[in-house]
Amino acid sequence: MGDAEDGVGPKRTVFVTVGTTCFDALVRAVDTREVQQELSARGYTDLVIQMGRGTYAPKKSNGEDGSLVVDYFTFSPSIVDYLRSASLVISHAGSGSIFETLRLGKPLIVVVNEDLMDNHQTELAEELAERKHLYCARPQALYKTIADMDVESLLPYVSGDAAPVAKHINRFLGFPDD
Amino acid sequence: MAVGSVVAALTALVLLILIRFLYILRWSGKPLHGKSWRTYSTLIVLGSGGHTAEMLNLLSVLQKDRFTPRFYIAAATDNMSLQKARMMEDSLINAAGVKVEETAKYLQIYRSREVGQSYVTSVWTTLVATAHALYLMIQLRPEVILCNGPGTCIPLCAIAFLFKVLGIRWSSIFYMESIARVKRLSLSGLLLYKLQVADQFFVQWPELQRKYPRAEYVGCLM
């Protein structure tokens, strides 16, 4: 799964993304000792954080003391490359990030932003978690989700299809079915 | 007497509008008659981020020779969506060779309210946005409108409905609720559903279809 040899052992990167939002609670959460310890315990070696419009900057680390290598940036035009090279993705609940990650077949933990006013996005994350396509967590309990998760048990997401909608529209307008 | 004839004229007018209104409610949502071999000028309202991705997914399977010309519209503050639409259209042209002429146009529209804008200033911006929407709709008079929220589509759909009442243009409005809506409709979706402005209303999760029986369940688009 995109693992690259790093001289010492396989590099297993965790990619954290908040999209274009401001989600400091998530950046803070992955900056905690608990979360980083759990990630190390699960065999992950690197942590890359895309922090978006947030103001909280996590601590960088070069991993010399055997802990995670931690790096961060605000935005990048090539998020998909980061997703592709990740072994685990921790994402905000935006549908764009969710489906892009699922389409790449990467294990995914969606963290719900509880500070949003009209938080309809929890609906999608919870529904997909119920269908075992991803894990859904709150910032404070993220370490627990990481400790308890079993990425092998996640089911691959079969991409949807716009053909039924197109068929309805065509029929409505009087076009023959092809 | 003058007053009497004014009252009579007004009553007649109100009755006429009422009858027209009932006629619209009777016929909107009903499939168009007969087999159609013509083309439909199509307005595609792009939301943002996830909304745009879903809309372009639909566009990628619609037959372009039926839905032509295509007008893509996005909020003036959203510079990503039109770019993505253009990329999709360009890939079509490339795939079909050079013979296909450019049948897509890209337009921007003022938004009535940005996220976090105060309600006082939004009265003015709403007026500007509505006037702009009216100007665009008079120019385009689309026969098909495809939208999937968020709010940008509301003034456009309201004007399209007004055009129906006034007999200016009968456009078929298709609303596709976002995949992010699993249990509750968005505000835009709820408005278009309740006021029966959308001719066809699509939802991507079965639970919504149970709650809103006039909606069509079409499965996930993403």
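Computed quantities for the displayed model
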read-out: Percent of beta bridges antiparallel (DSSP, the protein assembly as shown, rounded to nearest 5); value: 10 percent
read-out: Peptides B:75-88, B:117-130 ordered by average Cβ neighbours within 10 Å, highest first; value: B:75-88, B:117-130
read-out: Partners for A:Lys60 among aspartates and glutamates (Cα-Cα distance below 15 Å; same-chain residues under 8 apart left out); value: A:Asp31, A:Asp46, A:Asp71
read-out: ³J(HN,Hα), Karplus 6.51/-1.76/1.60, whole Hz, each residue of the range B:164-174, x for Gly, Pro; value: 5, 4, 7, x, 6, 7, 9, 10, 8, 9, 10
read-out: Inter-chain Cβ neighbour average for residues A:155-165, partner chain, 10 Å; value: 6
read-out: Lysines whose Cα lies under 20 Å from that of A:Lys144, excluding same-chain neighbours fewer than 8 positions away; value: A:Lys106, A:Lys132
read-out: Cα-based convex hull volume of chain B per residue, rounded to whole Å³; value: 162 Å³
read-out: Estimated FRET transfer efficiency (B:Gln117, B:Leu166; beta-carbon r; R0 45 Å; 0.05); value: 0.90
read-out: Overall form of the range B:152-222 per C-alpha gyration tensor (a/c, 1.5; a/b vs b/c); value: prolate
read-out: Backbone HN-Hα couplings from phi across the range B:39-50 [Karplus 6.51/-1.76/1.60, Hz, Gly and Pro as x]; value: 10, 10, 6, 10, 9, 10, 8, 8, x, 5, x, x
read-out: Antiparallel bridges, percent of DSSP beta bridges restricted to the range A:1-111 (to nearest 5); value: 20 percent
read-out: Approximate spin-label separation A:Lys144-A:Glu126, in nm, with each point projected 7 Å along Cα-to-Cβ; value: 1.6 nm
read-out: Karplus-derived 3J(HN,Hα), 6.51/-1.76/1.60, for each residue of the range B:196-213, Hz, glycine and proline x; value: 6, 7, 7, 6, 10, 10, 10, 10, 9, 10, x, 4, 5, 5, 5, 6, 10, x
read-out: Reduced Cα scattering model of the range B:1-50, Debye log10 I(q)/I(0), q = 0.18, 0.26 Å⁻¹; value: -0.81, -0.98
read-out: Relative compactness, the range B:1-96, computed as alpha-carbon Rg over 2.2 N^0.38 Å; value: 1.73
read-out: Diffusion coefficient, µm² s⁻¹, Stokes-Einstein with Kirkwood Rh over alpha-carbon pairs of the range B:148-191 at 37 °C and 0.692 mPa s; value: 289 µm²/s
read-out: Label-point gap, in nm, between A:Lys59 and A:Asp71 - each point 7 angstrom along Cα→Cβ; value: 2.0 nm
read-out: Span per principal axis, largest first, for the Cα atoms of the protein assembly as shown (Å); value: 97, 51, 38
read-out: Among A:Gln37, A:Gln140, B:Phe174 the positive-end extreme of the charge dipole of the protein assembly as shown (Cβ point charges); value: B:Phe174
read-out: Lys pairs, the range B:33-217 - Cα-Cα below 23 angstrom, 8 or more residues apart or on other chains; value: 11
read-out: Pair B:Thr77, A:Ala41: separation of 7 Å Cα→Cβ label points (nm); value: 4.4 nm
read-out: Cα-based Rg of the range A:4-172 normalised by 2.2 N^0.38 Å, two decimals; value: 1.08
read-out: Ordering of B:138-146, A:150-158, B:57-65 by packing [mean C-beta count within 10 Å, highest first]; value: B:138-146, B:57-65, A:150-158
read-out: Cβ-placed point charges (K, R +1; D, E -1), dipole of chain B about Cα centre in debye, nearest 20; value: 560 debye
read-out: Residues whose placed amide H lies under 5 Å from that of A:Ala137, excluding near-sequence neighbours; value: A:Val110, A:Val111, A:Val112
read-out: Cα centroid of the range B:36-107 to Cα centroid of the range A:149-171, whole Å; value: 22 Å
read-out: Debye intensity ratio in log₁₀ form over the Cα atoms of the range A:19-86, taken at each q of 0.11, 0.26 Å⁻¹; value: -0.26, -1.25
read-out: Chain A - percent relative contact order, Cα under 8 Å, separation 6 or more; value: 20 percent
read-out: Percent RCO, i.e. relative contact order, over chain B, from Cα pairs under 8 Å lying at least 6 residues apart; value: 20 percent
read-out: Positive dipole terminus of chain A, leading residue within A:Tyr157, A:Ile79, A:Phe175 (C-beta point charges); value: A:Phe175
read-out: Rounded to the nearest 20 debye, dipole of chain A from Cβ charges on Lys, Arg, Asp, Glu; value: 140 debye
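Every number here is computed from the coordinates shown, using simple stated rules; none is lab data. Remember, it's a predicted structure, so these values are computed and weren't measured experimentally. Every residue, glycine as well, gets a Cβ built from its backbone with ideal geometry; the counts of neighbours run over all protein chains shown.
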